[in-house]
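In what follows, a structure is listed as structure tokens, so that the remarks can point back to it.
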Amino acid sequence: MRRPDFASPPVAPARIARRVVASILALGLAPAACGGGQRERIEREAQRFDCRGRRASYTATHHLAGDEIGVQIDCADAGPRIKRWRTDRAGTHQEDARSMTPGEFDRIWREIDGTGWPNLHDCSNGTGGKHEPTYVFAIQDDQNQASFQCQSQSMPYPYNGIADPLDLAAQQGRRQLGDDEPAEMKALDHKDKQR
């Protein structure tokens with residue numbers, strides 16, 4: 001008994017070539033279909049990155065947001081990243097970190113570098129004296145390092161050129177660390193509701 005032939009009819013070589021070319025074109029156009037933003041992000045992340053031992057941070061003590069808050073960018077240990085932390089008045093410590101693209105890191109570094117940080121020293125105290133938060137800055141690259149502090153409710157020029165870019169980058173796409181309402185205020189709210 002003869003078996004039926006289920007094989008498909010032979011395909012001409014030219015037809016195979018057209019299918020291969022169509023498949024290649026479809027794969028080549030797929031990233032473009034994702035949108036310009038996705039393609040640009042992939043290109044930014046693939047760019048060559050030279051860390052040069054760059055690190056910039058500030059730590060603020062006795063701040064309105066907590067007993068200690070801080071933000072740091074660095075690249076030597078785990079590639080470009082940003083880390084932030086907060087310790088509340090009860091001693092609860094919270095922190096998080098995220099990776100950054102080389103472009104994000106370099107943009108923030110350019111802003112910080114524009115302050116002339118290697119030449120900065122401690123700034124004069126603000127108007128509130130010992131009740132104002134104290135910011136301690138630590139910045140370094142492969143050629144310089146500096147550490148200085150500033151006691152003020154808001155950072156004066158050019159120190160704000162360090163704190164502001166770090167704060168903006170730390171908040172980008174993320175919620176606030178911890179609860180923004182102190183326990184004392186919650187107790188007062190609870191007391192008011194019981195009346």
- [ ] For Glu95 and Ala65, calculate 0.36 nm times their separation in residues minus their Cα-Cα distance, and state this gained length in nm to one decimal.
- [x] 9.4 nm
Task: By average C-beta atoms within 10 angstrom, highest first, the peptides 73-80, 143-150 - done: 73-80, 143-150
Open item on the list: If I model a spin label as a point 7 Å beyond the Cα along the Cα-Cβ vector, how far apart are those points for Ala76 and Arg48 in nm?
Closed with: 2.3
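Values in this text are rule-based calculations from the coordinates and carry no lab data. From a predicted model like this one, the values you see are computed outputs, not experimental measurements. We place every Cβ from the backbone using ideal geometry, glycine too, and count neighbours over all the protein chains shown.
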